Amino acid sequence: MSESATVFEGEELSGGSTPPSAPGEAKAIAGKSPMKLAMMRLRKDKPTMVSLTVVILVVVAAVLAPLLVKMGVLDPFSYNQNLLDANTIPEGGWSGASGAHPLGVEPGTGRDAMSRFWYGITFSLMIALTAAMLSVIIGAVVGIIAGFSGGWVDAILSRFTDLTLSFPSTLMLLALSSLGLKLVQQVTGLPNGPLAQGIYCTVVLAIFGWTSTARVVRGQVLSIKQREFVEAAVVLGASKPRIYFKEILPNLWAPLLVLVTLMMPAYISAEAALSYLQVSVKPPTPTLGNVLADSLKYAQVDPFYFFMPAILIATIVISFNLLGDGLRDALDPKGDR
Amino acid sequence: MSDTTIATAASVAPASTETVLSVENLKMHFPVKGSGIVRRTVGHVKAVDGVSFEVAKGTALGLVGESGCGKSTTGRMVTRLYKPTEGKINFEGTDIANYSGKQLHPMRREIQMIFQDPSTSLNPRHTVGSIIGAPLRIHKMVPKDKVLDRVQELLEIVGLNPEHYNRYPHEFSGGQRQRIGIARALTLQPKLLVADEPVSALDVSIQAQVINLLQDLQKEFDISFLFIAHDLAIVRHFCPEIAVMYLGKIVEIGDRESIYEHAHHPYTQALLSAVPDVKQAAIGGRRERIRLEGDVPSPINPPSGCHFRTRCAIAKDICSVVEPPLLQIGKKHKVACHFPGEIHQHPEKPVTAPLLGVDEFGAPDPGASPAEVPGDGPGYADTWYDLANNSRGSA
């Protein structure tokens, strides 16, 4: 390789027929994938980075919580009646916060507040994440099939999506909760407990939540299908699976990732609402909804305990929302070049 | 007027013996579905309505016409992106018009396509190496460890840095991307390349480079081109033979000189008059500009008779009744007009009427004896209709 040979970045000016001069550079020229570019953009986006940090902390906390409970560091179930006064209100300000109970104890029972909040995140996040993943998978499959196939398959799947969307899902959830719970117990063989209740809640959220994904994915597939690189693949003789999975699916990762992050906060709030309505995981197991429901009774007598779960839920939801927004901006193909 | 035929017959492009592609009476009618649940077919868009042409080995046929005249649809049928409603696509003697996906697979190697817009014809999530290497993997042409070598070779052929194989399409300029698209089309060493407006998305300064690249490749690899474009200057430069399309039909087809110097169809004449002429501007003279009024009629419901009659300055009664056949009027020149002639020299009486057995108003003429129209079908016949003395001529 001659060192003197120059490499033109823009080969345009060197004329059509002349082959380029031999590359003199020894170092490999690596291309930046669209994902890498998105990560670069993401790093410059401060609010998104902050929310990403919060989300990572929340996820780590959720993973650690069961371990800490097992180790006895967190104790969300023990009653500490000795810390309550005659009206079952924690003694001292700030919900009776102390070294042993950093966020105080729960009025009425005296259970450690921090343990209940922390452990509550685990259940809520698990339900929300599983439901979001299930929704996106169901939605993506339905959307891809509808978008690719077109014709009557598309018509049937789209109408089915509309039908699901028009279902009063919350009412269904309430009305069928005992029946559904029994069904879950029969299918999984689990006893009636937090796990079976959580599975019921997850399944119902996913069954009614995939519609938006299906619509977005179908639209994306319809537009990608028209792009010339798909036609180019057909002309090259590529098989259908190759076109679906190698040509089109890589272009769907970005919207799917954004959909999951935007679905998470919706499901966290939905799960909180359902817990509050006593159709999700039931007390005494803490979830974000359960602790919120407990806290509402003490709005006047113990404001600190009243505000904590609300602030917690709001922080988590806003963080996920901001992360989703930031991801959407970073992954926007219009941001390329 | 008598020199018309002579001149046309004299200026014959270097004869190519072998025909790579022969298209016969090709039709593409897209169904128009009504709204509602049943969605029955309420009509057809006759995007391509019976075209016939031939592409000889190592040459280029240019397909020109305004937007929506069916150029691209024709190209897409030849590459079998669309299945033709009717007609034959003979590629090296085999009719591939009705081939199924499996049967087509080996043919895919031979017929490749260059797309119009390089920003959408390359998958943004694949590296250049994987885009150009994809055909090799699909057809298992080279062992896996040799794919990269071939990719780099191809990048060099199209004038790109072979070290750039692991870059992504968005890191290249428009002209470079089109070169990537060309490299991909070349990977399988095709015999026929369908170039669907390969330069119209590029800057004018880069168009020439890409065209020159295509020309070099054509010489080097002996590739035939079906070159679809709306830029008449580029087509003139690139294609020894040109077909002019209007509303799904070929209205005039012939070698370069017949079309550019001796156009006989009023539509071709109008198209050519729209091309700015630098020489004329330098002299200071003004050339006559033929303005076409109105828009192209809907291909769902094309005009009766001649499709062009609604915008034609010389249309007469017969044009709305009888469809003009593609009549061979020179050794390599066919025109579909009842009144074919050079500009301002169109005949008064329809020359096609006696051949079709109708009178000059298009009504059936019991006295006339319909004759075989020279020029129907792909390719050129040895004898043709001599406009100068209304008789059969020959080479």
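Values computed for the structure shown
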read-out: Residue within the stretch B:337-347 that is without any contact (Cβ under 8 Å) to a residue 24 or more places away in the chain and charged (D, E, K, R) present; value: no
read-out: Filtered residues of the stretch B:52-80 (kept if of a type in the set (A, V, I, L, M, F, W, C) and out of contact with any helix residue (DSSP H, G or I) (no Cβ under 6 Å at 6 or more places or on another chain)); value: B:F53, B:V55, B:A56, B:L61, B:C69, B:M77, B:V78
read-out: Qualifying positions in the stretch B:29-54 - part of a strand (DSSP E or B) and free of Cβ contacts under 8 Å to residues at least 60 places away in the same chain; value: B:H29, B:F30, B:P31, B:K33, B:T41, B:V42
read-out: The stretch B:141-168 - residue that is part of a helix (DSSP H, G or I), within 29 Å of B:L63 (Cα to Cα) and without any contact (Cβ under 8 Å) to a residue 60 or more places away in the chain and, of those, nearest to the other protein chains (Cβ to nearest Cβ); value: B:L155
read-out: Selected residue (only one of B:L217, B:L188 is surrounded by fewer than 23 Cβ atoms within 10 Å (Cβ to Cβ), facing another protein chain (nearest Cβ under 10 Å) and in a loop (DSSP other than H, G, I, E, B)); value: B:L188
read-out: Test for B:L81: is it closer than 30 Å to B:N301 by Cα, away from chain A (no Cβ under 14 Å) and touching a Gly at 6+ places or on another chain (Cβ under 9 Å); value: no
read-out: Out of B:I114, B:I138, sole residue that is buried (at least 22 other Cβ atoms within 10 Å of the Cβ), within 11 Å of chain A (Cβ to nearest Cβ) and closer than 17 Å to B:T187 by Cα; value: B:I114
read-out: When residues of the stretch B:165-206 are limited to those that are among the basic types (K, R) and under 23 Å from the mean Cα position of the chain (by Cα), the one farthest from B:V235 (Cα to Cα); value: B:R184
read-out: Where a residue in the stretch B:169-185 is at the interface with another protein chain (Cβ under 9 Å from one of its Cβ atoms) and its partner, wherever it lies, is among the acidic types (D, E) and assigned to a helix (DSSP H, G or I), with Cβ under 6 Å and at least six apart; value: B:G175/A:E12
read-out: Residues (at the interface with chain A (Cβ under 8 Å from one of its Cβ atoms) and outside any helix (DSSP H, G or I)) located in the stretch B:117-135; value: B:D117, B:T120, B:S121, B:L122, B:N123, B:P124, B:R125, B:H126, B:T127
read-out: Helices (runs of 4 or more DSSP H) within the stretch A:138-234 that include 1 or more residues out of contact with any strand residue (DSSP E or B) (no Cβ under 6 Å at 6 or more places or on another chain) and within 14 Å of chain B (Cβ to nearest Cβ); value: A:151-166, A:211-226
read-out: Residues being closer than 26 Å to A:L179 by Cα and not in a helix (DSSP H, G or I) - total across the stretch A:252-295; value: 11
read-out: Only one of B:L327, B:L355, B:L387 that is touching a Leu at 6+ places or on another chain (Cβ under 8 Å) and at pLDDT below 80; value: B:L355
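The values are calculated or read from the model by the stated rules, or taken from the named source; none is laboratory data. All values reported here derive from a predicted model rather than from experimental measurement. Methodologically, a virtual Cβ is constructed for each residue, glycine included, from the backbone with ideal geometry; neighbour enumeration extends over all protein chains shown.
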